[in-house]
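Below: the structure, in structure tokens.
The values are calculated or read from the model by the stated rules, or taken from the named source; none is laboratory data. Since we're looking at a predicted model, the values are computed, not measured. No Cβ is skipped: glycine too gets one built from the backbone with ideal geometry, and neighbour counts run over all protein chains shown.
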Amino acid sequence: MLRTSSRTFAALALALPLTMQAEKPRVPMPPQDAAKYSMHETHELEKVTIAAEPGDVKDARPDTRVDYYNREMLPIRVIVTNNSDQDLTLDDARIHFIAGDNTTVPAATDEELQRRLVGMKDAMGKKIPLPLPLPPITIHKNVDKKILQDLDDFGFKTTTVKAHTTVAGYLFYDMQGLDHPVLEKATLELRKVRWTTSQQALDTFEVPLKPTGEKDAKDEMREAKKN
């Protein structure tokens, strides 16, 4: 049986970061019916509406621990409302940002966010040697944990959209190298949204995007009817 000295325990205590204590989850605003958002597309036959809410202004961004927007990672909330009598699945869905010049940007994975925001070296962590015979332990920077916590709190909680329900989650898109304003003439394209039972894919959704506060022709028509 190995005997561990008090010096070894001290080394372990110093190596473990204080940030390992669990932080309380952050709760996003409950989503509305997707049709209530200005940027949406409805497939009338299937009774499914998908909306997008870009975080290009502060009020539209989630209360994340990491400032993604100012590091050129645009948060976009995707809202899916299923008013049909069948369940939908997003398991195979491809949700891409299509820029005005047709550049396609897929949603960033957690590994891509870590590499971009933390850096490859930091994402791999730093090995802290401990007295033999204990192996070294790997310590990750606090921002690494913050990214994972943000994805847990603000990402999709489920990939199933049950009949007559709405689900929503934030995705992040790398805007580096794109012309500004990045939302000008852009679209959010969703492919391979499927019915759960038959696994048949719905037609592609193409949600037109625009900078927040910019009105399109439909908005102007609605205002004209009110007046």
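Only one of the numbered conditions (1) assigned to a loop (DSSP other than H, G, I, E, B); (2) more than 16 Å from F154 (Cα to Cα); (3) among the β-branched types (V, I, T) is violated by V66, and that is (2). Taken over the stretch 35-72, residues that are among the hydrophobic types (A, V, I, L, M, F, W, C) and surrounded by 21 or more Cβ atoms within 10 Å (Cβ to Cβ) amount to 5.
None of L117, L148, L113, L130 is modelled with pLDDT under 55, touching a helix residue (DSSP H, G or I) at 6+ places or on another chain (Cβ under 8 Å) and of a type outside the set (S, T, Y) except L130. So if I check each of T196, T187, T159, which one is more than 21 Å from V27 (Cβ to Cβ), surrounded by fewer than 19 Cβ atoms within 10 Å (Cβ to Cβ) and either in contact (Cβ under 8 Å) with a residue 12 or more places away in the chain or not β-branched (V, I, T) (or both)? Result: T196 is the single residue among T196, T187, T159 that is more than 21 Å from V27 (Cβ to Cβ), surrounded by fewer than 19 Cβ atoms within 10 Å (Cβ to Cβ) and either in contact (Cβ under 8 Å) with a residue 12 or more places away in the chain or not β-branched (V, I, T) (or both).
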